[in-house]
Amino acid sequence: MVDVSQGTAPEIGAPTASARSRLSAYALPIFLVALIAVSGIVSPAFLSGSNISNMLLQVAPLGIVVIGQAFVIILRGLDLSVASVMATAAVIATGFSGQNSDVLPIVLIAVGIGVATGLVNGLLVTKRSVSPFLATLATMIVLQGFRFAYTQGAPSGNVPPLFRQIGSATWHGLPYNMMLMLVLAVVFGVLLSRSRFGREVYITGGNPTTARLLGINADRVTVIGYIISGALAAVAGLVLSGYVGIVDNWVGRGFELDSIVAAVMGGISLSGGRGGIAGGLFGAAILVVVFNAVLLFGLPVQLQIIIKGIVIVLAAAFYVRRRV
């Protein structure tokens, strides 16, 4: 007999709320494993050690950008300047003698540019009420002009060997850049989920008015979020310069959209206040697997653009469905 005082009895075979919650929590890892398995069946070369190592090398720069982008999106914003910051950092990496003795000044200058870009973005959004789209688009264009003026249109010089080591070498099969990404993910993951600042990020992103009523300086939190995004984009640019070796003015092009798509696929809400870094990294891994599979299957290069557009549409549709 059903006790009606406890509400309607669940239907036999119907998934419980807790079961649906667990399934949702593991949906991305399951999808990633299934995607890898299907790609391996279609092309056995996909699961070769060299190709897996190559994908791990590729996912690290994007993952580092996603970590920073996560803070901004949780704060109800987005950062279109990350790819331009990456390219600027990569150009700076080749602007010295190409020796390891130049690593420290390169890192300081590149990260300094990233921090300054994030600061300008944050101040435009908070103090001048400029939309995140326009603010970060403007800084993206300014940095493009700076690069072309600095390089006279064509970068020259070599990346220091240490950057080459970090960007493309491995230790027992695990890329150094992947290890760097995981360290940054842990550090900023703890900052976001375990610190007072992290709680302020979620409260501000969920409802800025409530944040102010609770005594939180929402503007300060937002500015710091953009600074984190800019700084990590600069780090990603240096890592990417070590991976590609040859730098041009467009290194990192497309990472602005890829990082946003990866974050949204990972459950970070565009309306703010929800999501985490781990989900964004799974989203980045899915994108890299998809793009790698397209190339390995011998499909036309132009199809990459089509598939990227399809992935963006699916990510947007998934986001809307999660809100309903």
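What percent does the relative contact order of the range 169-324 come to when contacts are Cα pairs within less than 8 Å and at least six residues apart?
Answer for the range 169-324 is 18 percent.
What percent do you get for the relative contact order of the range 45-323 when only Cα pairs under 8 Å and 6+ apart count?
Numbers: 506 pairs, mean separation 97.7, N = 279.
Relative contact order of the range 45-323: 35 percent.
Once label points are set 7 Å from the Cα along Cα→Cβ at both Ala169 and Val130, what is their separation, rounded to one decimal in nm?
Label-label distance for Ala169 and Val130, simple model: 4.1 nm.
Under a Cβ-only charge scheme (Lys and Arg +1, Asp and Glu -1), can you give me the dipole magnitude of the chain about the Cα centre, in debye to the nearest 20?
About 580 debye.
Could you state the number of Å between the C-alpha centres of the range 23-70 and the range 211-254?
The range 211-254 and the range 23-70 have Cα centres separated by 23 Å.
For the chain, taking Cα atoms only, what is the radius of gyration to one decimal and the Dmax to the nearest whole Å?
21.1, 82
Show that you can apply the helix-only estimate: for the chain, add -39,500 (n - 2.57) for every DSSP H stretch of four or more residues, divide by all residues, and state [θ] at 222 nm to the nearest 500.
When only DSSP H runs of four or more count, the value is -24000 deg cm²/dmol.
Tell me which of Val187, Ala110, Thr151 sits at the most positive position along the dipole axis of the range 45-323, charges placed on C-beta atoms (Lys, Arg +1; Asp, Glu -1).
Val187
Which shape class applies to the range 116-227: rounded if a/c is under 1.5, otherwise prolate when a/b exceeds b/c and oblate if not, where a ≥ b ≥ c are the square roots of the Cα gyration tensor eigenvalues?
Oblate, since a/c reaches 1.5 and b/c is not below a/b.
Quick note: the coordinates plus some simple rules give every number you see, no bench work behind them. Small disclaimer: the values here were computed from a predicted structure and weren't measured. When we count neighbours, we look across all protein chains shown, and the Cβ atoms used for this are built from the backbone with ideal geometry, even at glycine.
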